[in-house]
1. Considering only lysines 8 or more places apart in sequence, or on different chains, count the pairs in the stretch 142-281 whose C-alpha atoms sit under 26 Å apart.
2. Percent antiparallel among DSSP beta bridges with both residues in the chain, to the nearest 5?
3. Please rank ILE90, ILE172, ILE214, fewest neighbouring Cβ atoms within 10 Å first, as an exposure proxy.
4. Please order TYR17, TYR292, TYR108, TYR335 by the number of other Cβ within 10 Å, starting at the fewest.
5. Sum up the lysine pairs in the stretch 1-124 that clear both bars: alpha-carbon distance under 21 Å and a spacing of 8 or more or different chains.
6. Roughly how many whole Å is it from the C-alpha centroid of the stretch 157-176 to that of the stretch 73-113?
7. Compute the relative contact order of the chain as a whole-number percentage, counting only Cα pairs closer than 8 Å that sit 6 or more residues apart in sequence.
8. Take the alpha carbon atoms of the stretch 292-350, find their center, do the same for the stretch 194-226, and report the distance between the two centers in whole angstrom.
Amino acid sequence: MKKLVATAPRVAALMEYEDRPVAANEVKIRARFGAPKHGTEVVDFRAASPFIDEEFNAEWQMFTPRKEGSARGIEFGQFQLGNMIVGDIIACGSDVTDYQPGDSVCCYAPLQETVIVNAVNNYKLRKMPEGASWKNAVCYDPAQFAMSGVRDANVRVGDFVVVIGLGAIGQIAVQLAKKAGASVVIGVDPIAHRCDIARRHGADHCMNPVGTDIGREIKALTGKQGADVIIETSGYADALQSSLRGLAYGGTISYVAFAKPFAEGFNLGREAHFNNAKIVFSRACSEPNPDYPRWNRKRIEETCWELLMNGYLNCDDLIDPVVTFNTSAESYMKYVDQHPELSIKMGVTF
């Protein structure tokens, strides 16, 4: 059996592994489809993650150095790549009652030919409805962060909404904002193909930020008022600078991206100082949720799964390209790391 592993920073390879019997509480899944995570997983793959030598200390609520002698947060050669798989259960442990061999399921898992997961009181192991789209299913994770970004920004009927960065999270945010009643949704991305998809799924306008004063263009498209909400998913300093410039007075920036370090020149004066800008850092899996106790991570997940499975969200266009598992190592390096402009969210078939 083979699995996709990062053997060194920015190097992916298929490695063999030995399968094992399932425990009493587990099921074994034969993967049919899958997808990696194009955001934080890529930061890890490039060895740029703070989690390598630090840990997020829950007591202090801050990053602190790992204890001397402790394992690094990412061990290349063992670091498995991948985020979601869809497949069929081929074995069940003796304590498993909610699943049976032949069930089609979706779950969080790395990209490998078989996956063994807990199947007792595990709501994250999702049964696939008859005829459901595997492409929608593998967008389960980005949908949560898109939905959280839209909710945390308090998008309301009639709002002018801008989504910067039209990867999977941004594309789903476009759909959710339009369905939430936004009167104008503007997408921003330098890749024409991504803009075309966003227009098909709710964006009223799309703009290429390269060589464009995005802040001024947002103001022009909204009668000089600016955007009520800007959902920033790219993580670039110039995108946030443009957001501050294009935001309406008192508007909200929902910052969904796992940002890269900002170089000298980022300016929180100018428009930010005059326009009473609000920046909300949005992360679906941080608990307690801003709307706790009514909302938590589980409710976000339940809601996203329902919206993906009932067709409210359409992610078929977002899984691009689709590659075979046998070519997944070179494809990961090409489409996810080296040339992300050639993909939105890479799909894998087994």
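1. 9
2. Rounded to the nearest five, the antiparallel share is 60 percent.
3. Details: ILE90 14, ILE172 29, ILE214 23.
Ascending Cβ contact count within 10 Å gives the list ILE90, ILE214, ILE172.
4. Going from least to most buried by this count: TYR292, TYR17, TYR108, TYR335.
5. For the stretch 1-124, qualifying lysine pairs total 6.
6. Here the two parts' Cα centres lie 31 Å apart.
7. 17 percent
8. If you average the Cα positions of each part, the centres end up 24 Å apart.
No lab work stands behind these numbers, since they all come straight from the coordinates. In this text the structure is predicted, and so the values were computed from the model without any measurement. Cβ coordinates were reconstructed from backbone atoms using ideal geometry, including for glycine residues, and neighbour counts include every protein chain displayed.
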